[in-house]
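Asks: Could you have a look at this structure, given as structure tokens, before my questions?
The values are calculated or read from the model by the stated rules, or taken from the named source; none is laboratory data. It should be emphasised that the depicted structure is a prediction, and the values quoted were computed from it without experimental measurement. Neighbour counts run over all protein chains shown; Cβ positions are idealised from the backbone, glycine included.
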Amino acid sequence: MNQSRTPVPLPVPDAEGIYTFPDDLVRAHEEWTDHLAERHRAHDDHDDHVIELMAPYDGHPYFIELRHPAGRPVLVIEPHHDDFALSASGTFLAHPRPLTVATVFTRSTSVHPALEDTFTTEAAVSHLREREGAAALAPLAAERVLLGHKDAEPPYRPYSQDRLERITHELREVIDAHPDAELLAPAAVTRHPDHLLVHHAAVRMGCRWFWEDLAFWSTYALAGCDQRLFRARTGTTLTIELVDITDVILDKTTVLRMYGSQMHPARKMYRPIRHAWTTATTNATGLPAGTGTYAERFYRMESP
């Protein structure tokens with residue numbers, strides 16, 4: 001896929017040092033979506049494989065190229081419906097592989113504050129978030145496994161050993177059903193108990209490949225204390241791996257509009273785009289530096 005016809009703009013640091021949400025990115029994404037919509041309309045048989053996605057909350061249409069996975073299958077173990085989309089979807093848009101995504105915590109009462117009077121029950125919130133997760137994964141042709149656990153609520157407390165054992169057992173059954181798949185899970189660069197539990201369970205089952213968690217990026221992942229805790233927990237056994245997602249950054253923007261269809265204002269869902277620019281331009285990575293460079297960060301654990 002080639003997005004070079006739509007230039008990718010460079011976010012600019014604001015006065016507080018956080019990369020602002022650029023109007024240029026909004027414009028570039030709209031132009032890219034319009035271009036794909038024209039391709040979709042021009043082919044009645046849709047042989048160019050552009051598909052239409054509907055944002056689950058407001059029904060707004062978007063267009064994206066359907067990926068055609070190849071290579072070794074990947075079994076993704078994510079805590080919540082949005083975690084893979086936020087943290088690692090760009091990599092698989094750029095390098096599609098057969099995907100199965102197992103979501104552990106699929107029951108929730110967490111919805112944007114502006115919609116709390118609209119989605120008043122656990123069932124209503126969970127249904128919305130499940131539809132958002134399905135829409136975000138549709139371009140990747142991913143299979144889904146929903147484990148049905150309830151997510152943690154503030155004030156957060158450590159997870160219990162019993163819960164870890166139960167979820168590990170359930171995930172092992174999923175892994176046994178996908179014996180050829182490579183495992184991918186969160187690195188848990190955060191203190192959130194759901195992320196820590198899923199990371200712990202994945203390590204117990206032999207996972208050696210992890211993404212950098214972005215669900216709590218603005219409050220957790222860049223905090224100095226969390227970074228120190230992360231390094232202390234993992235030691236020196238993890239090596240950093242960056243994947244250049246510059247060519248698919250506008251399609252990742254579409255994926256984020258699916259997972260976060262309820263977000264108000266919409267710009268809040270673009271924090272991972274800003275972080276991807278920061279990741280690519282502030283590290284000695286070998287990636288091309290400068291305007292329009294974006295990357296996702298992963299960690300590889302050395303084999304025992």
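Asks: Starting from residues that are aliphatic (A, V, I, L, M) and under 22 Å from the mean Cα position of the chain (by Cα), keep the ones in the stretch 150-183 and report whichever is modelled with the lowest pLDDT.
Replies: Among those that are aliphatic (A, V, I, L, M) and under 22 Å from the mean Cα position of the chain (by Cα), it is Ala152.
Asks: Looking at Asp180, Asp117, which is the one that is assigned to a loop (DSSP other than H, G, I, E, B) and touching a residue at least 60 places away in the same chain (Cβ under 8 Å)? Explain how you work it out, then say what you get.
Replies: Numbers: Asp117 fails: touching a residue at least 60 places away in the same chain (Cβ under 8 Å).
Of Asp180, Asp117, the one residue that is assigned to a loop (DSSP other than H, G, I, E, B) and touching a residue at least 60 places away in the same chain (Cβ under 8 Å) is Asp180.
Asks: Still on this structure, I have one more. What are the residue pairs meeting all of these: first residue in the stretch 211-240, first residue within 15 Å of His200 (Cα to Cα), second residue modelled with pLDDT under 80 and among the hydrophobic types (A, V, I, L, M, F, W, C), Cβ atoms under 8 Å, and 6 or more apart or on different chains?
Replies: Glu212/Ala221; Asp213/Ala221
Asks: I need a count of the residues in the stretch 143-177 that are assigned to a helix (DSSP H, G or I) and either over 18 Å from Val74 (Cα atoms) or touching a helix residue (DSSP H, G or I) at 6+ places or on another chain (Cβ under 6 Å) (or both).
Replies: Total satisfying the criteria: 10.
Asks: Now a separate question. Residues in the stretch 121-134: is at least one assigned to a loop (DSSP other than H, G, I, E, B), over 15 Å from the mean Cα position of the chain (by Cα) and of a type outside the set (Phe, Trp, Tyr)? Steps first, answer last, please.
Replies: Here is the first cut: in the stretch 121-134, the residues assigned to a loop (DSSP other than H, G, I, E, B) are 121.
Going one step further and asking which of them are over 15 Å from the mean Cα position of the chain (by Cα), we end up with 121.
Still in the running and of a type outside the set (Phe, Trp, Tyr): 121.
Checked the stretch 121-134: at least one residue is assigned to a loop (DSSP other than H, G, I, E, B), over 15 Å from the mean Cα position of the chain (by Cα) and of a type outside the set (Phe, Trp, Tyr).
Asks: Might you check whether a residue that is part of a strand (DSSP E or B) and in contact with a helix residue (DSSP H, G or I) (Cβ under 9 Å, 6 or more places away or on another chain) occurs anywhere in the stretch 81-99?
Replies: Of the residues in the stretch 81-99, the ones part of a strand (DSSP E or B) are 99.
Still in the running and in contact with a helix residue (DSSP H, G or I) (Cβ under 9 Å, 6 or more places away or on another chain): 99.
Yes, the conditions are met somewhere in the stretch 81-99.
Asks: Have a look at Ala88, Ala94 and point out the one that is buried (at least 20 other Cβ atoms within 10 Å of the Cβ) and within 20 Å of Leu183 (Cα to Cα).
Replies: After ruling out the rest, the residue left standing is Ala88.
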